[in-house]
Every structure is written in C-alpha cells, then in structure tokens.
1. I'd like the FRET efficiency for residue 181 and residue 133, computed as 1/(1 + (r/R0)^6) with the beta carbon distance as r and R0 of 25 Å, rounded to 0.05.
2. Over what distance in Å are the Cα centres of segment 41-58 and segment 82-97 separated?
3. Could you tell me, in Å, what Rg and Dmax come out for the Cα atoms of segment 71-175?
4. With 30 Å as the limit, write out which pairs from 79/129; 73/248; 40/102; 129/248; 102/230 have Cα-Cα distances beyond it, or answer none.
5. In terms of the ratio Rg/(2.2 N^0.38 Å) built on C-alpha atoms, what value belongs to segment 132-255?
6. 7 Å from Cα along Cα→Cβ at both residue 72 and residue 156: what's the point-to-point distance in nm?
7. Can you list the equivalent-ellipsoid semi-axes of segment 36-128, largest first and in whole Å, using the square root of 5 times each Cα gyration tensor eigenvalue?
8. Sort the following peptides by mean Cβ neighbour count (other Cβ atoms within 10 Å, averaged over residues), highest first: 158-164, 231-237.
Amino acid sequence: MKRIFKLAGALLLTAAVLACSKKDKNKNEESSGPGYASGKVTNTSGQPLQGATIVISNTFSYNKNLTVTTNAKGEYSVKLPSGPGIGDWIAGGTYSISYNGKAYSLVLEPDAHKVFSSSNGGVTNFVLKQTGREPSTSPGTVGSFYGGIISSYPGDGVDMSKVNITIKPLQPLIDGSTGQTITTAAELDGNLSWIVNVPIGKYEITAKQGNTPLFIRDYTEGIPDANVAKLVRDFVPCKVNGARYWIKIDLVREP
C-alpha cells in the first residue's frame, strides 16, 4: 500500500512539474507575440548584451513611453497598453558602459526602424555598432555617427592637404573588440578637418606633413595641453557635426 501511495505521489509531482513547464513556455511565447514589444540586443559578434536600455516611444504622447532592460540573454519584452487614442510605437535603445573611468551611452542600431501598433506588437532587434550612421529620425536629415570624430586645426605653416594622421589603438575598443591602426588624410572643411566614424577607444595619435612629423596640441577638454609628438587620448562626449564623441586637436610644426 505504501508503494502505491509513493508511486501516486511521484506521478502527481511529475504532472505538476510538466504543467508548470508548459505554463512557463506558453508565457514566454506570449511575451514575444501580438500585444508585446520584444527583441534582442547583441554586439557585432552576435554575443548578447545584458543591461541595454530599450525605450518604446509612443508616437502620440511622450509620457506614455515604456522603458525596459535586456536580460542575461540580451532579450527584452514589454506588454503594450491598448485602448482608444493610444497611438503607435517605435523602439530605440542605448547601451551604457564605463571605459577608462568615463561613462558612455552608446546608441544601438535597430534592424528595422519601424512603427507598430499595440494590437500587432513589434519585434525590434539591436546591434551595438562602432561605425556607420544612426537611422534618421526625420525626413531630409542624417543620423549621428556611431563612431567618434577627430577634428584638427592647422597651426602656422601646416598645410592640411598634405597631412596624414595615424591613429593607433592602445587597448581593446569600448565593445571589447580589437581595433586597427588607421592612417588617413582628414576631410577638409575650410580651416578645419575631420576624421569621422572612428571606433570609440583609447588611441595614440601622430601626424606628418609629407615626411615631416608634426606636433599635437590637445584641445579636447577645452584647455590646451602642451605640444607633443604623440598624443594618447580617449574620446569625450560632444554634439558637433553629426558626432556624439570627439577628440579635438591642433597640429603645429614646433614643439
């Protein structure tokens, strides 16, 4: 008789576990279906990013916006409210990270910049990119660069049309990937010149006019430092010429 009760108890326990598993499975499936905003955030290698902030913006009223963070699998899901006059939705995201003691909030690239309704729901996946442009948020405009900008201004006797700047990464980039050394001429814009879409990282910067090395004066923080042959520098937040992060330098012939 005891064996019968033990067997019956085991069967009931197994049935309960299976029922709970089925319930949880259905719940997970439902959270990515109609009526939900959901998706996944990864880096360019496909690894999930936990803690990314996703904002589901309401196209009718900003105070209805919803915010959710990604889990350990890089996934997010939030139920969309419904009802008359609720409006439609569009998803955007950022990933906050500390790099060399500085705080960065990096904009994520959506796989589709699309509007969706509460009833249909929407799936928007995101990637943390280091280069390229963010999607435009209004007609006739272009988004900011994902990478940083290095702006340079010529001192006396410096001809920017003959200058090459070398940017050498000194450690892994902000997303943990390995950077590459870049040697390039800057894009000219009057007296200013620009190197755009540089992956966010810590760099050693050198410059030459022809075969002649130039010296660099760092204006990134607003107060100029001493002229150096090699500048070691991180990007800092800004909002100029389509950039969110920049390094600002002068190029001079004398130390």
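Please treat every number below as a calculation from the coordinates, not as lab data. Not measured: the values here are computed from a predicted model. Quick reminder, even Gly has a Cβ in these numbers, built from the backbone with ideal geometry, and neighbours come from all protein chains shown.
1. 0.60
2. 14 Å
3. Calculated on Cα positions, Rg and Dmax stand at 19.8, 67 Å.
4. In this structure, 73/248 exceed 30 Å between Cα atoms.
5. Taking the Cα Rg and dividing by 2.2 N^0.38 Å, one obtains 1.05.
6. Output for this residue pair reads 6.4 nm.
7. With the √(5λ) rule applied to segment 36-128, the semi-axes are 25, 14, 10 Å.
8. The peptides rank, most packed first, as 231-237, 158-164.
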